[in-house]
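**Q** Please find one structure pasted underneath; my questions will follow.
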Amino acid sequence: MTTNNWTPEQPIVSLNNVYKSFGELEVLKGISFDVMKGEVICIIGPSGSGKSTLIRCINALNDINSGSIKVHGLEVNDSNLNKLELRKNVGMVFQQYNLFPHKTALENIMMAPELVLKEPKGDVLVKAQALIRKVRLEDKQNNYPAELSGGQQQRVAIARSLAMNPDVMLFDEVTAALDPETVKEVLVTIKELAAEGMTCILVTHEMGFARELADHIYFTDRGIIVEHGPPATFFKEAKDPRTKEFLSQIL
Amino acid sequence: MFGYLNHIPGISPNSQQSDLPVLLPYQGHSAGKPEDLRFSRWLASSSPWVLLVIFLLISFYPLAVLAQSKYTLIQAFATLWRWLPFVVGSGFVMNLLISFFTMLFGTVAGVFLGLGQISVVAPVRKFSWFITQLFRNSPWLVLLFIVMLTFPFEIEIGEHIISIPDWMKAVFGLSLPIMANISEVVRGAVQSVPTGQWEASESLAFSRVQTIWKIILPQCFKRMIPPWMNWYAILTMATPLVSLLGVEEIVTLSRQAMEAEDNHPELLIPFFGFALLIFFAYCYPIARWTLKLEERYSVKL
């Protein structure tokens with residue numbers, strides 16, 4: 001990244017008192033948390049609690065009203081922010097996959113490194129093929145997204161984000177649109193990614209997955225972080241009544 | 001008889017008769033607005049034989065009446081036959097030439113105007129919107145008159161004098177409404193792409209220009225073809241307008257030919273009937289093809 005005032009001892013993503021409203025509707029009311037490099041963070045909470053908005057603010061898909069978001073030393077809430085520079089370092093995977101339907105799986109992965117990072121085509125091809133093997137879809141590399149199942153599309157979407165060599169990956173309810181059988185294959189991919197030391201921020205409803213994988217869990221409700229902690233204590237010793245209620249309904 | 005007694009909604013084999021709307025066959029939605037294709041639909045929904053029969057009835061009834069005069073039907077058609085190479089070779093070819101160039105200029109300008117309508121720069125967006133609305137909602141003939149009468153017939157560039165033929169001016173005049181309508185087609189098609197595509201593209205650090213040209217436009221290209229062809233057919237049928245301004249196309253030349261043949265009123269129907277037929281023969285297949293493409297592209301998404 002161009003601004004290199006970041007050192008590994010500092011959080012790679014740091015939110016400080018983030019406020020966000022859509023018109024009258026206040027969605028985030030003072031969110032703060034830090035993510036260290038290599039950590040896996042899960043954000044859980046009821047629908048409409050601002051989880052997706054929160055994660056979308058981190059790569060500036062949504063602007064925030066006040067507060068500070070620092071990613072790798074780069075202030076996101078800055079009108080002079082070079083959004084392209086930020087997004088080269090923050091990968092994002094969506095609930096609806098959003099693969100480009102007019103390109104094959106492999107081309108989907110190759111597009112951004114070629115056009116945005118201007119990497120030579122030969123290198124990009126090698127990288128893309130390695131990534132598609134990594135998500136175990138090498139036999140589907142020349143298929144168009146419409147010919148792939150939801151889980152396969154989502155794994156291509158993950159590979160597409162990884163092709164940009166991001167420092168942080170954002171996952172916005174990536175398994176919510178999948179049927180239960182394919183959820184697993186996507187979660188396995190994310191698990192492998194986390195094992196390799198990728199910093200991951202996930203919005204998820206997969207409690208089992210959060211419990212197994214997360215270094216830290218944040219529970220949001222009505223725009224604030226109600227409770228947080230490592231999975232061991234979070235699931236067993238939830239104190240706040242809202243968290244308790246949510247967990248009792250979902251577990 | 002009493003068929004309704006056996007009719008079970010949604011279960012009876014002929015689903016067209018179902019009174020449950022959800023069970024009726026899906027009618028594909030086209031790109032842009034449905035009214036863009038109203039003409040094609042009308043034209044293509046009539047079978048060729050019906051249209052031909054109507055045409056023949058209309059043309060032959062008066063012919064039969066006129067045939068009682070001295071200048072016989074056969075003579076009139078013989079005259080048409082003699083003039084045919086001139087009317088088609090110099091006339092209809094000119095109509096096609098005008099339609100090609102108009103579509104070319106209109107499409108190129110229309111794509112940029114349409115992209116202007118979705119620009120992030122507010123003045124560009126508003127200006128593009130204004131130009132689009134202005135030329136979409138003006139009579140084509142008025143635009144033609146303005147261009148024909150205000151454009152110079154020659155341009156001086158240094159020492160060279162380039163003359164602009166009348167038909168070229170007609171092309172500019174007709175390009176304006178085509179540009180405006182293509183602009184709307186482009187805007188409609190771009191807006192029909194799901195926002196998730198924009199977000200995915202943005203989050204991969206594509207610039208806006210890259211997003212539009214590499215991600216969005218390739219996806220809506222197919223969706224733009226049917227309305228684009230529809231506008232081409234409409235334009236082709238509008239090209240005889242330029243005869244009012246003296247451009248030597250099929251209608252102008254037909255009139256000249258009739259004058260050369262002493263203006264027998266019996267000639268009117270063979271000559272103009274032929275003009276009608278040749279436009280029909282050219283535009284009807286385009287309309288059918290448009291509809292076919294529209295169906296094909298509306299299913300696949």
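The values are calculated or read from the model by the stated rules, or taken from the named source; none is laboratory data. Since we're looking at a predicted model, the values are computed, not measured. For neighbour counting, all protein chains shown are included, and Cβ atoms are generated from backbone atoms with ideal geometry for every residue, glycine included.
**Q** Give all pairs with beta carbons closer than 7 Å in which a residue from the range B:158-184 that is surrounded by fewer than 24 Cβ atoms within 10 Å (Cβ to Cβ) meets a residue that is outside any helix (DSSP H, G or I) and among the charged types (D, E, K, R); count only pairs at least 6 apart in sequence or on separate chains.
**A** B:161/B:154; B:162/B:154; B:163/B:154; B:164/B:154
**Q** Would you pick out the residues in the range A:134-163 that are away from every other protein chain (no Cβ under 14 Å) and not in a helix (DSSP H, G or I)?
**A** A:135, A:136, A:137, A:141, A:142, A:143, A:148, A:149
**Q** Let me ask something additional. Looking at residue A:199 and the list (1) more than 14 Å from the chain's Cα centre (by Cα); (2) closer than 22 Å to residue A:86 by Cβ; (3) β-branched (Val, Ile, Thr), which single condition is not satisfied?
**A** For residue A:199, the exception is condition (1).
**Q** Could you check, for the range A:81-102, whether at least one of its residues is at pLDDT below 90, more than 20 Å from residue A:199 (Cα to Cα) and either assigned to a strand (DSSP E or B) or outside the structural domain of residue A:132 (by TED's automatic domain parsing) (or both)?
**A** Yes - at least one qualifying residue is present in the range A:81-102.
**Q** I'd like the full set of residues that are among the charged types (D, E, K, R) and closer than 18 Å to residue A:209 by Cβ, limited to the range A:230-251. Lay out the reasoning, then the answer.
**A** Restricting attention to the range A:230-251, the residues satisfying the condition of being among the charged types (D, E, K, R) are A:236-237, A:239-240, A:242, A:244-245.
A:236, the sole residue that qualifies.
**Q** Within the range B:93-146, how many residues are of a type in the set (Val, Ile, Thr) and loosely packed, with under 15 Cβ neighbours inside 10 Å? Let's see the steps before the verdict.
**A** Restricting attention to the range B:93-146, the residues satisfying the condition of being of a type in the set (Val, Ile, Thr) are B:93, B:98, B:102, B:107-108, B:111, B:118, B:120-121, B:124, B:131-132, B:142, B:146.
Checking the rest, the ones that are also loosely packed, with under 15 Cβ neighbours inside 10 Å come to B:93, B:108, B:120-121, B:124, B:142, B:146.
Result for the range B:93-146: 7.
**Q** So, in the range A:41-64, how many residues would count as being crowded, with 19+ Cβ neighbours inside 10 Å and away from every other protein chain (no Cβ under 12 Å)?
**A** Residues of the range A:41-64 that are crowded, with 19+ Cβ neighbours inside 10 Å, as a first pass: A:41-45, A:49-61, A:64.
After this cut, where a residue has to be away from every other protein chain (no Cβ under 12 Å) as well, the list is A:41-45, A:49-51, A:53-54, A:57, A:64.
The total comes to 12.
**Q** I'd like the full set of residues that are outside any helix (DSSP H, G or I) and facing chain A (nearest Cβ under 7 Å), limited to the range B:172-206.
**A** Looking only at the range B:172-206, we keep the residues that are outside any helix (DSSP H, G or I), and these are B:192-194, B:204-206.
Hits for the range B:172-206 are B:204, B:205, B:206.
**Q** If only one of A:91, A:38, A:73, A:67 is within 14 Å of chain B (Cβ to nearest Cβ) and touching a residue at least 40 places away in the same chain (Cβ under 8 Å), which one is it?
**A** Numbers: A:38 fails: within 14 Å of chain B (Cβ to nearest Cβ); A:73 fails: within 14 Å of chain B (Cβ to nearest Cβ); A:67 fails: within 14 Å of chain B (Cβ to nearest Cβ).
Only one candidate passes the filter, namely A:91.
**Q** If residue B:189 satisfies all but one of (1) more than 30 Å from residue A:114 (Cα to Cα); (2) touching a residue at least 60 places away in the same chain (Cβ under 8 Å); (3) buried (at least 16 other Cβ atoms within 10 Å of the Cβ), what's the number of the condition it fails?
**A** (1)
**Q** Checking the conditions here, which among B:149, B:134, B:113 is more than 30 Å from residue A:166 (Cα to Cα), touching a residue at least 60 places away in the same chain (Cβ under 8 Å) and part of a helix (DSSP H, G or I)?
**A** Details: B:149 fails: touching a residue at least 60 places away in the same chain (Cβ under 8 Å); B:134 fails: touching a residue at least 60 places away in the same chain (Cβ under 8 Å).
Matching residue, one of B:149, B:134, B:113: B:113.
**Q** Residue by residue through the range B:207-222, note down the ones that are within 7 Å of chain A (Cβ to nearest Cβ), crowded, with 18+ Cβ neighbours inside 10 Å and either outside any helix (DSSP H, G or I) or of a type in the set (Val, Ile, Thr) (or both).
**A** Once the filter is applied, which keeps residues that are within 7 Å of chain A (Cβ to nearest Cβ), crowded, with 18+ Cβ neighbours inside 10 Å and either outside any helix (DSSP H, G or I) or of a type in the set (Val, Ile, Thr) (or both), the range B:207-222 yields only B:215.
**Q** Tell me, please, whether a residue that is surrounded by 16 or more Cβ atoms within 10 Å (Cβ to Cβ), part of a helix (DSSP H, G or I) and more than 14 Å from chain B (Cβ to nearest Cβ) can be found in the range A:167-181.
**A** Within the range A:167-181 (the criterion being surrounded by 16 or more Cβ atoms within 10 Å (Cβ to Cβ), part of a helix (DSSP H, G or I) and more than 14 Å from chain B (Cβ to nearest Cβ)), the answer is no, since none of the residues qualifies.
**Q** Tell me which residues, restricted to the range A:98-133, are at the interface with chain B (Cβ under 10 Å from one of its Cβ atoms), buried (at least 21 other Cβ atoms within 10 Å of the Cβ) and more than 12 Å from residue A:161 (Cα to Cα).
**A** A:100
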